[in-house]
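Novice: Please find one structure pasted underneath; my questions will follow.
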Amino acid sequence: MTKKIIITGTVQGVGFRPFIYNLAKSLNLKGTVSNTSQGVLIYVNVSNDEELRNFIKNINEKKPVNSKIDNIYIENVKNKVFNDFEIIISKNSSKKSALIPPDLAICKDCVSDIVDKSNRRYLYPFTNCTNCGPRFSITEKIPYDRKNTSMGIFRMCGKCLDEYNDPNNRRFHAQPNACPVCGPEVWVVWKGKKVNGIKAIDFIVEKVVEGEVVLIKGLGGFHIACDAFNYKSVEKVRKIKKREFKPFAVMFGDLFEIDKYLELNSQESEILTSSVSPIVMLKKKDYKNFEYVSPKLDCVGVMIPYTPLHLIIFKKLREKGFFNPLVMTSGNFKDEPIITDNEEALSKFNKLAVLCHDREIINRVDDSIGFVDETNIFRLIRRSRGYVPSPIKLSYSCNKEVFACGGDLKNSFAFLRGEDVFLSQYIGDLDTQENAVYYKNTFNNIKKLYDFKPTVMICDMHPLYRSSFIASNNFNIAKKIYVQHHIAHIYSVMAEYNLYDNLIGISFDGTGYGMDGNIWGGEFFILKNKKITRISHLENFFIFGGDSSIKDIWKSFVSVFSDREDFIFRVLKGKVNEEKIKLVLKSLNKKINGFYSSSCGRLFDAFSVVVTGKTYSDFEAEGPMRMETFLIKDLLESYKFSIEKYNGKYILRYSNFLDEVIYDYEYYREKISTKFHNSIINVIVDMCNILRKEYSINNVVLSGGVFQNRYILNGVIKNLSIFGFKVYSNRLVPLNDGGISLGQIYWSICNHSFIF
Ligand code: ZN
Ligand code: ZN
Ligand code: FE
């Protein structure tokens, strides 16, 4: 009997065909295996059902580590005759649903190859195999075959071709397979001079040791790199990127080095060394060494070498007795996308030594970032390299294709096909022309890659959102659905955990456009009987100025404390011009030139001015992040929000505890941060208890940027659990606006109604 078997999921570029080949051979089966745009296609002759069952069982149990099977479809077809089992050339079929694997960090075997002097790939920066190497970043089209990647232009040498064709070799059908004879190479350009090969790496290493800032082409883009412990070098990077305080990610040589300086548990170690190899936020053991890379914060974003090139650089650094971590921040100017093109890097950074290579980056991908919470769950802050383009599975299948625009900050958009949501890589903030172009181009690339034909577009309700504007003007999708920003946050969690109804949704966030024309961001929703209602929110306060208050956080401070002018002038003395303060106070009194907001993020900003004395913000959430360093462990004291029912809604008031804050400022200033954090945790728990009594609902969903604050997130989860609530929060997509496109999609298929 001949059987046709189609396997869907992440089954290309992960050594699946060789695995099938070897498995079939070992079971003495005859037939063929090939890649199609749907997945992997097998024809196999079996003598009975038992033999088929055994074959399928082995596929499921022994599949390659980096593969993921979604479905196995089996069909009877007309009997064919096969003499052997063979891998055959990929066929194109019309429906493109095969999944391109994400980029994979270098595997242990390839590490052994590049450090072994007798190996022909000794110190070769583009070493890879079926278990590791570039995937999405080099793929132009599916199926994932060499000719459809930027490796297509490199002709394999005899030895590489032998490996590629040998089913017993680790590099059997490894599409980016390469060696020093036939593959890509590195070179460095400095002051118009060019050096090739290993000498280029030596040169870059030399520069780093001397304290210079250099540019290094990586997997998904260029990094700006330098000695992370060298104050002057890091200052130079800050000047180049025009980032006064923004923390930079660092790369350590290995886990042992990390352990010397930062708190590292087994879960964090596992994630750092996984095939994803993201940036993990780790707590500082001592602050001294990281004061330059991550000033006044308690965490540093850390990764370890994930490409052969990184490994070779660190090996060479060590040979020179250099053991410090390197700054590895994305190679771009402020608010522009990470640079991927050699020419662009060379012209924009012509004063630096630039390490280039000729393996073209087709899809730009930034490093992913996340943190491990107290319940040992790894939660993403940025979902990009190593994750994209793997889809997130819904438990519903949709028969039309949908596009979701995402938000304007930390943008990531999404396509829905069937039950798969394909989130784009991290695009960034859409307020620059460069990122708007990046958004447009990435839309076109991903649409082409999978041949998406969306008929519905989901937008944020904000009338001035650039994401909706760019999508409406360029993407030619007729039908539009609008979703409120914080509802999208809640639905992003629901999508992850397959929740549908009966829950309390809490969205504590920076800003989002509300249905009443105000800016929301401290919201409680009740979802019951497929109706979602805004049931409670933080007390509104009037904020002067539009988006300028996000940067000039002292304006939020003045807004919150507007009735207490003496205090305002005391806190801002010598920091903000008095006339400016008076001007703001004047418009606050008249309620002009501003807007009402219930944003928890803005309230955090206001309190951070009181706690840290810093009056402006260099990057999003800087104030709140700095407040975390002022937390006192085990201090249980708290301010107390009053909860008042007004027009059927619970209003969470903080104005009644502001005098206590002023008192603390005088006598117990060091306690303010902890008391404020605790008050947020407590009011969430109190409100959930009230709502459970009223609506008999036990499930709580948390989302929004505020929950990236680990003290708040851990505190809320812990305390709600004590009261028996079941708590859900994002982990597969970011808690911040990087996750809302998933929520937008899920909202559109749930068909719920919103009662404002
Ligand atoms: Zn490998
Ligand atoms: Zn070769
Ligand atoms: Fe948001």
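The values are calculated or read from the model by the stated rules, or taken from the named source; none is laboratory data. Values in this document were obtained by computation on a predicted structure and should not be read as measured data. All Cβ positions, even for glycine, are placed from backbone atoms using ideal geometry, and neighbour counts span all protein chains on display.
Novice: Being touching a helix residue (DSSP H, G or I) at 6+ places or on another chain (Cβ under 7 Å) and small (Gly, Ala, Ser) is the filter; apply it to region 532-547 and report the residue that is modelled with the highest pLDDT.
Specialist: So the first thing to find is which residues in region 532-547 are touching a helix residue (DSSP H, G or I) at 6+ places or on another chain (Cβ under 7 Å), and the list is 532, 535-536, 538-539, 541-545.
Narrowing further to those that are small (Gly, Ala, Ser): 536, 545.
Values: Ser536: 98, Gly545: 80.
Residue satisfying both the conditions and the ranking: Ser536.
Novice: Moving to a separate point now. Could you tell me whether any residue of region 222-230 is closer than 14 Å to Lys351 by Cα and surrounded by fewer than 18 Cβ atoms within 10 Å (Cβ to Cβ)?
Specialist: For region 222-230, residues closer than 14 Å to Lys351 by Cα and surrounded by fewer than 18 Cβ atoms within 10 Å (Cβ to Cβ): absent.
Novice: Given the condition in a loop (DSSP other than H, G, I, E, B) and polar (S, T, N, Q), answer yes or no: does some residue in region 465-484 qualify?
Specialist: Residues of region 465-484 that are in a loop (DSSP other than H, G, I, E, B), as a first pass: 465, 475-478, 484.
If we keep only those that are polar (S, T, N, Q) as well, we get 476, 484.
Checking region 465-484: at least one residue is in a loop (DSSP other than H, G, I, E, B) and polar (S, T, N, Q).
Novice: Ok, one more. What residue, of Arg135, Arg121, is within 16 Å of ligand 2 (Cβ to nearest atom) and either in the same structural domain as Asp254 (by TED's automatic domain parsing) or among the basic types (Lys, Arg) (or both)? Spell out the reasoning first.
Specialist: On the way: Arg135 fails: within 16 Å of ligand 2 (Cβ to nearest atom).
Sole residue among the options that is within 16 Å of ligand 2 (Cβ to nearest atom) and either in the same structural domain as Asp254 (by TED's automatic domain parsing) or among the basic types (Lys, Arg) (or both): Arg121.
Novice: Being surrounded by 18 or more Cβ atoms within 10 Å (Cβ to Cβ) and either within 16 Å of ligand 3 (Cβ to nearest atom) or among the hydroxyl-bearing types (Ser, Thr, Tyr) (or both) is the filter here; which residues of region 104-147 pass it?
Specialist: Tyr124, Thr127, Thr130, Ser137, Thr139, Tyr144
Novice: How many residues does region 286-295 contain that are assigned to a loop (DSSP other than H, G, I, E, B) and either surrounded by 15 or more Cβ atoms within 10 Å (Cβ to Cβ) or acidic (Asp, Glu) (or both)?
Specialist: Pass one, region 286-295, residues assigned to a loop (DSSP other than H, G, I, E, B): 286-287, 291-295.
Now restrict to residues that are either surrounded by 15 or more Cβ atoms within 10 Å (Cβ to Cβ) or acidic (Asp, Glu) (or both): 286, 291-295.
Here the count works out to 6.
Novice: From the list Ala414, Ala353, pick out the single residue that is in contact with a Phe, Trp or Tyr (Cβ under 7 Å, 6 or more places away or on another chain) and assigned by TED's automatic domain parsing to the domain that holds Met281.
Specialist: On the way: Ala414 fails: assigned by TED's automatic domain parsing to the domain that holds Met281.
The match here is Ala353.
Novice: What number of residues within region 542-564 satisfy the criterion of being part of a helix (DSSP H, G or I), of a type outside the set (A, V, I, L, M, F, W, C) and either within 21 Å of Phe676 (Cα to Cα) or in contact (Cβ under 8 Å) with a residue 40 or more places away in the chain (or both)?
Specialist: Keep residues of region 542-564 that are part of a helix (DSSP H, G or I), which gives 548-551, 553-560.
Restricting the remaining residues to those that are of a type outside the set (A, V, I, L, M, F, W, C) gives 548-549, 551, 555-556, 559.
Keeping just the survivors that are either within 21 Å of Phe676 (Cα to Cα) or in contact (Cβ under 8 Å) with a residue 40 or more places away in the chain (or both) gives 549, 551, 555-556, 559.
So the count comes out to 5.
Novice: Let me ask you something else. Only one residue in Ser472, Ser492, Ser507 is small (Gly, Ala, Ser) and free of Cβ contacts under 8 Å to residues at least 24 places away in the same chain, so which one is that?
Specialist: Working: Ser492 fails: free of Cβ contacts under 8 Å to residues at least 24 places away in the same chain; Ser507 fails: free of Cβ contacts under 8 Å to residues at least 24 places away in the same chain.
Among Ser472, Ser492, Ser507, only Ser472 is small (Gly, Ala, Ser) and free of Cβ contacts under 8 Å to residues at least 24 places away in the same chain.
Novice: So Phe567 ticks every box in (1) among the aromatic types (Phe, Trp, Tyr); (2) assigned to a helix (DSSP H, G or I); (3) closer than 28 Å to Asn736 by Cβ but one. Which box is left unticked?
Specialist: (3)
Novice: Restricting attention to strands (runs of 3 or more DSSP E) lying wholly within region 303-410, give those where 1 or more residues are among the charged types (D, E, K, R). Before you say what the answer is, go through the steps one by one.
Specialist: Values: elements: 326-330, 353-357, 369-372, 378-382, 392-404.
Output list reads 378-382, 392-404.
Novice: Which members of region 137-156 meet the condition of being in contact with a Phe, Trp or Tyr (Cβ under 9 Å, 6 or more places away or on another chain) and part of a helix (DSSP H, G or I)?
Specialist: Arg146, the sole residue that qualifies.
Novice: Looking at this structure, is Ile74 exposed (fewer than 15 other Cβ atoms within 10 Å of the Cβ), β-branched (Val, Ile, Thr) and in a strand (DSSP E or B)? Write out each step before concluding.
Specialist: Values: exposed (fewer than 15 other Cβ atoms within 10 Å of the Cβ): yes; β-branched (Val, Ile, Thr): yes; in a strand (DSSP E or B): yes.
Judged against the criteria, Ile74 is a match.
Novice: Here's something else I'd like to know. From Glu163, Glu235, Glu212, which residue is without any contact (Cβ under 8 Å) to a residue 60 or more places away in the chain and either among the β-branched types (Val, Ile, Thr) or buried (at least 18 other Cβ atoms within 10 Å of the Cβ) (or both)? Spell out how you get there, then give the answer.
Specialist: Working: Glu235 fails: either among the β-branched types (Val, Ile, Thr) or buried (at least 18 other Cβ atoms within 10 Å of the Cβ) (or both); Glu212 fails: without any contact (Cβ under 8 Å) to a residue 60 or more places away in the chain.
None of the others qualify; the one that does is Glu163.
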